Amino acid sequence: MSMETTISTIVITALFGLLFWFIRDKFNDLTKTDERVEGKVDKIGSRVEETRGSMIEMQETFERMGYPMKRIIQATSPLNLTDYGKQLVRESGFVKLLQDNRDLILNWTKEMNPKNQYDAQEFSRKALLDHKDEALLQPLKDYAFQHGETSFEQILRAGSIVLRDETIKELNLK
């Protein structure tokens, strides 16, 4: 082997060694970063669970104090009314109001041109909230005022699920 070949081999070996060392160092940095991220995700998960537990305790405390915090919508897919939500739309007069003014109220949602069931859900909620100052909805405000545990916005949120279902039927959204 010639001197030039030996030197070239040594230089190439040294370069590969440096390249390997650099790659190994960067890989170790990535591994450490991954471990830090996993640790943070675990902390966030435990904090979410702590918050959830605290919220349940707060709901129970408010219930004991005579301020019920009843859920109106079940977190399912699609969203559905709880038994309390069904009772609320019925007793507040929302269902009757929708029956008596179906075309007008449906048009509030239809004007937003929903393309699918999700749009129908979101646009129904937005339509009711956007029209909350309409005289037509005054009876719902009166009900909320007379039933202090219920807010007008709760009635509208619960009603938006009923309106969503009517919109889906009306527009035959699949």
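The values are calculated or read from the model by the stated rules, or taken from the named source; none is laboratory data. Only a predicted model underlies this, so the values are computations on that prediction, with no experimental measurement involved. Positions of Cβ are backbone-derived with ideal geometry, glycine not excepted, and every protein chain shown enters the neighbour counts.
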Which of (1) over 19 Å from the mean Cα position of the chain (by Cα); (2) over 11 Å from S92 (Cβ atoms) is the odd one out, the single condition E122 does not satisfy? (1)
Pair list, Cβ < 7 Å and 6+ apart or interchain, from the range 31-54 residues that are surrounded by 10 or more Cβ atoms within 10 Å (Cβ to Cβ) to residues that are modelled with pLDDT under 70 and part of a helix (DSSP H, G or I): none
Flag if R90 is out of contact with any His (no Cβ under 8 Å at 6 or more places or on another chain), at pLDDT 95 or above and either among the small types (G, A, S) or surrounded by 12 or more Cβ atoms within 10 Å (Cβ to Cβ) (or both): yes
Taking the range 124-147 and keeping residues in contact (Cβ under 8 Å) with a residue 24 or more places away in the chain and in a helix (DSSP H, G or I) leaves S124, R125, A127, L128, L129, L136, L137, P139, L140, Y143, A144
